[in-house]
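For reference, the structure discussed in these notes is given below.
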Amino acid sequence: MTVTVERATNGVCEQGSSRRRKDSYTLFLLPGALAFLAVIVVPFLMNTGVSFTDWRGVGTPEWAGLANYRTLMDDSEFWASFRHSLFMVVAMAAVPTVVGLVLAAALFDFVGKHFGSRWAAVLRACFYLPQVLPIAVAGIVWSWILAPGNGSLNELLKAVGLGSWQQDWLGDPDIALYSVMGVLVWVQLGFPLVVFMAGLQRVDPQLYEAAELDGAGWWRRFRHITLPQIRPETYVVLTWCTIAALKVFGAVYVLTKGGPGGATDVPSYFSFTTFFEKTQVGYGAAVSTVLTVIILAVSFVGLRFQTRAEDAEDTVEGART
Amino acid sequence: MTTAPRRYPVLIALVLAALFMVVPFLIVAVNAVKSPAEYSANGPLGLPEGLYLDGIKDFWERVDFGRKLVNSTLISGSVAVLAVVLSVLNAYAIGIGRIRGRTWVLAFFVLANVLPQEALVYPVYYLSKQVGLYDTRLSVIIVFTVIQAAFGTYLLSSVLGQFPREVIEAARIDGANKWQVLWRIVVPVSRPTLGVLLVFFFIWTWNEFLLPLVMLISNDNQTVSVALGVLQGQRLMDATMTNAAALLGVLPALVFFLVFQRTLTRGIAVGAVK
């Protein structure tokens, strides 16, 4: 009885002071709000504003309206850089997600089950290793391996009798983009793999056992159990990897500097050179604004799919219990 | 059940694929300890005949690598600590304080998180020149503290949103104010998550390239990533030097990886699912 009374009075007090209490928590947000204002909000608004001017980094920016955006429409360099972005999405989102999914399933329910989880953990570590490497360092490693003449890859091809396959991997405009893509697959693969392996631990092992008893082979279990069960993770991975692919900068800077002849130029590198080498700040700002809009759209769509998948899963789980 | 003869081909294929992932590291390590004469005689694929460390030593002295390591450590360490503190304060207000309009505040942090740095880089560069912070390590620390805290706030807010409210209520009844609840209860209880964030912020900042490249132009302030990236971009290094550079760049990452492997793999899973 006393407990109920106490709780009741407590509730009244809480209601009376709740407004004040909520407000005073906002104080904790103050340092964050100020820091974000100075480092994110103001620069971002400045950048967007500058994209409507012909500013060159000195003096007063002069209003140019949509001139920069109109120039973009006819700029083949700009279109090429965004076309290359699609290749980067293939290399950093599509391929790593698919390969990562198959590898994760193989490591989790094949290697883990038949050879022990130690094997699975060691193999996972190998695949994840490139992810912790600074992209600048990965670039040095690979541009040396892919070097023309006596680069390791060319030497290896010669050693196994495929000397005619030797290429100037990063210097040939027809091949450079694919070489960069290859390096990015190597860099990115570990991320989906680790996320998927963690996701697979959620899946009820009884599902697999039941399917196995029913005579379903590995591929059928993969398609009908693994894939639907880790759909939320798949959306997360696809969204994050696509965003990362659109932002690619370091790899291009270190491997090819956008070359040869713009064959590997990407929007972030294009805006970087426009800002700091051509000092067409207004134009660079327009390029980065377009990039921002695309990235925000991708994040929004990704988030929608993700919440929908999670909701669906909650309903299924609710129905089951 | 799969039969034994069919099992091994799959394992061998996976091991080969894993080997392919680590082979570049091995080639680099092997070639970094070859002398230039040996390299030109046997090419990149031969095994080293002895341990030649002068290449590494020369490179270390030429780029003042010790200094770069100190810069990277200082910047990444400061960012990791400051960004965790900032994330905790933000997430405390959003996740536990449940301030009004928190959904919008959170949406803002998510936005800040996906924003490409290209959309910030020029104004940041320009403004830091105006306030005299250009080409200082402090400028990079400030910028990355905020950028990393965007992710930290997003992650921690959902973690703290599930914090047992009875614990907080009990402490409040015992007379603890909000500040004491934060430091004496919320922070100690959330320590595992904060640890994951700390490690991630450190490594992410260590690996950052674009903003440090723009902001840190003098040799004395550059990070490992920027120094190596710029050297590579200039194409002035011979094979031995390139390998020394690559090996010295790989080593710290390898150390972090071995030390934090569990935190890393667990953390990615937490971050992705939240």
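The values are calculated or read from the model by the stated rules, or taken from the named source; none is laboratory data. Everything numeric here is computed off the predicted structure, so don't read it as measured data. Please note: Cβ atoms are built from the backbone with ideal geometry, for glycine as well, and neighbour counts cover all protein chains shown. Please note that ligands, DNA and RNA were not included when accessible areas were found on the heavy atoms of the full protein model with its side chains. Shrake-Rupley method; radii C 1.70, N 1.55, O 1.52, S 1.80 Å.
Residues that are more than 12 Å from chain A (Cβ to nearest Cβ), aromatic (Phe, Trp, Tyr) and open to solvent by 40 Å² or more (accessible area, probe 1.4 Å) number at least 3 in none of the helices (runs of 4 or more DSSP H) confined to segment B:110-216. Checking the condition of a type outside the set (A, V, I, L, M, F, W, C) and buried (at least 20 other Cβ atoms within 10 Å of the Cβ), which residue from B:35, B:76, B:40 passes? Just one listed residue meets the conditions, B:76. Where helices (runs of 4 or more DSSP H) fall wholly inside segment A:74-138, the ranges with 1 or more residues that are open to solvent by 10 Å² or more (accessible area, probe 1.4 Å) and more than 29 Å from residue A:201 (Cβ to Cβ) are A:76-89. Given (1) away from chain A (no Cβ under 14 Å); (2) open to solvent by less than 60 Å² (accessible area, probe 1.4 Å); (3) not in a helix (DSSP H, G or I), identify the lone condition not met by residue B:52. So residue B:52 meets the others, but not (2).
When segment A:146-155 is limited to residues that are open to solvent by 10 Å² or more (accessible area, probe 1.4 Å) and facing another protein chain (nearest Cβ under 7 Å), the one that is modelled with the lowest pLDDT turns out to be A:150. The numbered conditions (1) surrounded by 19 or more Cβ atoms within 10 Å (Cβ to Cβ); (2) without any contact (Cβ under 8 Å) to a residue 60 or more places away in the chain; (3) of a type in the set (A, V, I, L, M); (4) assigned to a helix (DSSP H, G or I) are all true for residue B:237 except (4). Against the list (1) farther than 19 Å from residue B:158 by Cβ; (2) within 9 Å of another protein chain (Cβ to nearest Cβ), the condition residue B:240 fails is (2). Scanning segment A:211-224 for residues that are surrounded by 13 or more Cβ atoms within 10 Å (Cβ to Cβ) and more than 14 Å from chain B (Cβ to nearest Cβ) turns up just one, A:224.
Is there a residue in segment A:56-65 that is surrounded by 21 or more Cβ atoms within 10 Å (Cβ to Cβ) and either within 10 Å of another protein chain (Cβ to nearest Cβ) or not hydrophobic (A, V, I, L, M, F, W, C) (or both)? Checked against the condition, which is being surrounded by 21 or more Cβ atoms within 10 Å (Cβ to Cβ) and either within 10 Å of another protein chain (Cβ to nearest Cβ) or not hydrophobic (A, V, I, L, M, F, W, C) (or both), segment A:56-65 yields no hits at all.
Conditions tested, residue by residue: (1) touching a Phe, Trp or Tyr at 6+ places or on another chain (Cβ under 7 Å); (2) over 22 Å from residue A:132 (Cα atoms); (3) assigned by TED's automatic domain parsing to the domain that holds residue B:77; (4) modelled with pLDDT of 90 or more.
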| site | (1), (2), (3), (4) |
| --- | --- |
| B:120 | yes, yes, yes, yes |
| B:123 | no, yes, yes, yes |
| B:129 | no, yes, yes, yes |
| B:137 | no, yes, yes, yes |
| B:153 | yes, yes, yes, yes |
| B:158 | no, yes, yes, no |
| B:177 | no, yes, yes, no |
| B:197 | no, no, yes, no |
| B:210 | yes, no, yes, yes |
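Within segment A:43-55, the set of residues being more than 7 Å from every other protein chain (Cβ to nearest Cβ) and open to solvent by 50 Å² or more (accessible area, probe 1.4 Å) comprises A:45, A:52, A:54. Residues that are crowded, with 21+ Cβ neighbours inside 10 Å and facing chain A (nearest Cβ under 7 Å) were ranked within segment B:92-104; the one that is farthest from residue A:236 (Cα to Cα) is B:97.
Would you please name the residue that is nearest to residue A:245 (Cα to Cα), looking only at residues in segment A:162-195 that are of a type in the set (S, T, N, Q) and open to solvent by 40 Å² or more (accessible area, probe 1.4 Å)? Per the criteria, the residue is A:167.
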